[in-house]
Amino acid sequence: MHERVLFGAAYYHEYQPNDRLELDLDLMAEARFSVIRVGESVWSTWEPENGRFDLDWLQPVLDGAHSRGIAVLLGTPTYAVPPWLARLYPEITGERKTGQRIGWGARQEVDFTHPGFRFHAERVIRKIVERYADHPAVIGYQVDNEPGNELLHNHGVFQRFVDSLRHKYGDVQTLNDEWGLVYWSHRLSDWADLWTPDGNVQPQYDVAWRQFQADQTTEFIGWQADIVREYARPDQFVTTCIAYDRPAVADDELVRRLDLTAGNPYYSMQDGLQHPHAGSASQGWTTNGTWALYLSADRMYSSKQSPFLVTETNAQAIGAPWQNRPAYDGQWRQAAWALVSRGAKMIEYWHWHTLHFGTETYWGGVLPHSGQPGRMYREVTQLGAEFEAAGSLVADLTPDSDVTMLYSTPSKWLMQKYPALAHADGSPDERSYHGFFDAFYRGAFDAGLQVRILHTSQFTGSVQDAPVLVVPALYLADTELLDQLVAYAEAGGHLVVGPRTGYADHEARARTDVQPAKLAAAAGVWYDEFSNVSVDVPVRGTGLELGTGAAGSRWIDGLTVDGADVLVGYDDPHFGRWPAITSRAHGSGRITYVGTVPNPALSAALFRWIKPAAWTDLPAGVTVTSATSADGRRIRFVHNWSWDSVDLKLPGPAHDVLANQPTNGKLDLGPWDVRVLVEPDQ
């Protein structure tokens with residue numbers, strides 16, 4: 001696509017209170033920007049009233065960008081509906097509950113499946129793309145923006161849901177049997193008997209409903225992509241930007257009709273980037289902790305198993321007016337290089353200038369409200385020069401992996417409505433799936449290992465591609481997948497199984513097998529009871545060396561050993577009767593069962609036992625990750641996530657890409673510093 005990492009910001013000249021286009025573009029050029037994103041938020045500017053279009057206002061932006069060598073990512077504005085459309089066609093309003101319309105005044109309030117909306121959306125898409133497809137600045141298109149924000153309950157949506165069930169199951173009796181609708185007298189006599197989802201508490205229904213909603217989002221984005229491709233040049237790509245917490249998104253399915261994955265990773269700055277992370281473990285649409293920033297990057301790579309674009313990430317403060325924590329010096333560079341190290345081929349900030357009005361008035365841009373370049377601009381300028389100097393070496397990386405983790409979107413969906421874990425106050429944790437998943441990911445990261453994430457739809461069973469496979473909380477799994485996991489271990493893989501795995505089938509029906517279903521005999525361990533725990537339960541190592549503070553947390557399976565070796569037990573008068581972690585050889589491989597949510601100390605100890613890190617005895621706060629460049633060279637990224645300067649001895653010769661000099665066997669890392677090293681050709 002380009003011979004360097006694309007670097008820039010979303011740019012909305014139409015939001016500026018005065019005309020400063022030339023000044024802005026000059027400042028971007030000085031910062032070595034190579035891309036801007038435009039146009040996706042202003043349908044009412046493109047089409048001020050029904051059928052009247054104003055398409056020329058963007059021309060000076062594209063011309064000015066092109067004259068400075070800055071490429072453009074052009075967006076379609078379908079996520080932000082103009083007031084005239086809502087006024088003329090109120091029937092297109094989305095419903096969060098049946099018959100209860102979403103109020104206008106925010107964004108994504110629309111039922112994007114409605115034919116009336118589709119007519120107007122298609123018309124404005126065609127007008128914009130036809131007008132600018134041939135402009136030499138435009139390298140690609142972003143259709144819509146962060147799709148899947150709503151679970152739509154509109155009448156037409158629900159009727160299509162019923163039709164989808166009818167096509168899948170054939171008749172109501174089959175649905176009755178598959179969903180267990182004998183329970184609480186929910187048996188259907190006719191398809192018209194199916195209740196709307198508002199009051200539903202049946203897990204089987206919820207699984208189907210969430211998948212259907214994701215399918216609607218996938219179809220909508222694919223529909224837009226197909227329209228854009230009618231006009232796009234062969235050298236232009238089509239994508240959408242994914243917010244991975246959106247409720248109606250299955251990212252591995254969404255990207256199949258797109259050319260590239262693009263995502264919007266936002267992260268806590270300042271002390272939120274300390275490593276090891278000592279702050280709150282809570283996560284949301286912003287991540288908290290260095291390990292969680294890397295998890296965001298690995299999630300984006302996983303969508304298509306290929307390099308990705310970052311369409312939005314932190315500029316200054318992000319979010320609400322009471323959340324003003326812009327980065328420490330060096331952290332913008334660190335975060336950008338961390339994302340690149342895990343496969344990002346574009347880093348784009350949201351956004352260029354801090355807005356003077358609207359909901360996001362205090363969501364900081366590269367420039368503050370004054371428009372005068374400040375501390376962030378200076379660091380961004382340094383970063384732009386570094387990307388330019390590194391060139392094609394880092395533009396299309398394949399990140400390394402030491403372990404692979406299997407990700408289950410349906411399991412995540414189900415645990416949002418039926419959480420397995422609780423918060424400290426006893427309330428349900430809607431992020432329960434990630435409560436399990438993140439604990440293992442963080443342990444691998446803290447142990448110095450790199451993670452590749454595979455969706456269940458992408459798993460082939462290959463031991464060569466994934467010598468270590470970690471499977472936490474795979475609650476929904478069909479029998480074929482569970483058999484694949486056993487066969488994987490038998491063929492020589494190390495299968496690491498976490499709680500809740502295999503407990504239910506693909507319809508969320510609890511299995512009648514001894515748990516862990518289909519895995520118990522091969523794992524040499526089983527359980528018939530489990531418990532939530534509100535405080536950490538200390539553990540002791542019997543076959544695994546533990547550090548200080550290791551404990552099980554939040555969940556405990558009452559494991560009975562039947563042929564496995566006990567690696568870790570609980571130091572507790574009640575839970576001490578059961579092991580916490582066991583392991584057993586199976587065929588040419590091994591199955592390790594973890595019967596708890598390991599706290600950070602226990603999880604890191606587990607992964608140190610599973611596989612030693614390539615770089616050992618690193619100073620606290622230092623991480624080393626690696627990747628392969630498009631031309632086959634080995635690249636290493638060395639970060640110091642702390643206030644302490646560090647002298648690091650290197651295991652071999654390397655060239656410092658950013659300083660353009662040999663390392664002579666050592667690195668001097670300042671506070672919040674990052675270096676990019678290329679190893680000599682072998």
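The values are calculated or read from the model by the stated rules, or taken from the named source; none is laboratory data. This structure is a prediction, so every number in the text was calculated from the model and none was measured. Note: ideal-geometry Cβ built from the backbone for every residue, glycine included; neighbour counts use all protein chains shown.
Here are the numbers:
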| item | result |
| --- | --- |
| Single match in Pro428, Pro499, Pro467 (criterion: crowded, with 23+ Cβ neighbours inside 10 Å and outside the structural domain of Ser341 (by TED's automatic domain parsing)) | Pro499 |
| Members of the range 398-453 found to be assigned to a helix (DSSP H, G or I) and among the acidic types (Asp, Glu), listed by number | Asp438, Asp446 |
| Residue in the range 122-136 that is hydroxyl-bearing (Ser, Thr, Tyr) and either within 26 Å of Gly358 (Cβ to Cβ) or outside any loop (DSSP other than H, G, I, E, B) (or both) present | yes |
| Test: residue in the range 288-301 that is part of a loop (DSSP other than H, G, I, E, B) and polar (S, T, N, Q) | yes |
| In the range 172-194, the residues that are farther than 18 Å from Glu507 by Cα and within 37 Å of the chain's Cα centre (by Cα) | Trp191 |
| Qualifying positions in the range 219-260 - charged (D, E, K, R), under 21 Å from the mean Cα position of the chain (by Cα) and closer than 24 Å to Val72 by Cα | Arg256, Arg257, Asp259 |
| Selection count, the range 53-97, where residues are loosely packed, with under 14 Cβ neighbours inside 10 Å, closer than 17 Å to Ile125 by Cα and touching a helix residue (DSSP H, G or I) at 6+ places or on another chain (Cβ under 6 Å) | 0 |
| Candidates Arg68, Arg87, Arg37, Arg32, filtered to the one that is charged (D, E, K, R) and under 26 Å from the mean Cα position of the chain (by Cα) | Arg37 |
| Complete set of residues in the range 7-52 that are part of a loop (DSSP other than H, G, I, E, B) and closer than 18 Å to Phe387 by Cα | Ala31, Arg32, Phe33, Ser34 |
| Of all residues making up the range 207-247, the number that are hydrophobic (A, V, I, L, M, F, W, C), in a loop (DSSP other than H, G, I, E, B) and closer than 20 Å to Ser41 by Cβ | 1 |
| Flag if Arg87 is farther than 22 Å from Val138 by Cα and touching a strand residue (DSSP E or B) at 6+ places or on another chain (Cβ under 9 Å) | no |
| Residue that is outside any helix (DSSP H, G or I), at pLDDT 95 or above, of a type in the set (A, V, I, L, M) and touching a helix residue (DSSP H, G or I) at 6+ places or on another chain (Cβ under 6 Å), where the choices are Leu181, Leu188 | Leu188 |
| Condition check for Leu449: more than 16 Å from the chain's Cα centre (by Cα) and closer than 19 Å to Leu519 by Cα | no |
| Qualifying strands (runs of 3 or more DSSP E) (wholly inside the range 561-650; at least 3 residues being within 20 Å of Leu293 (Cβ to Cβ)) | 622-628, 634-640 |
| Val646 free of Cβ contacts under 8 Å to residues at least 40 places away in the same chain and crowded, with 23+ Cβ neighbours inside 10 Å | no |
| Candidates Gly365, Gly448, Gly443, Gly374, filtered to the one that is modelled with pLDDT of 95 or more, in contact with a Ser or Thr (Cβ under 8 Å, 6 or more places away or on another chain) and within 30 Å of Tyr15 (Cα to Cα) | Gly365 |
| Residues satisfying the stated conditions in the range 64-79, i.e. part of a helix (DSSP H, G or I) and over 25 Å from Ile227 (Cβ atoms) | Gly64, Ser67 |
| Some residue of the range 250-260 being within 30 Å of His153 (Cα to Cα), β-branched (Val, Ile, Thr) and either surrounded by 19 or more Cβ atoms within 10 Å (Cβ to Cβ) or in contact with a helix residue (DSSP H, G or I) (Cβ under 6 Å, 6 or more places away or on another chain) (or both) | yes |
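Yes/no matrix, rows are residues, columns are (1) among the small types (Gly, Ala, Ser); (2) in contact with a Ser or Thr (Cβ under 6 Å, 6 or more places away or on another chain):
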| site | (1), (2) |
| --- | --- |
| Gly75 | yes, no |
| Tyr79 | no, no |
| Leu88 | no, no |
| Gly94 | yes, no |
| Thr98 | no, yes |
| His114 | no, no |
| Tyr132 | no, no |
| Tyr141 | no, no |
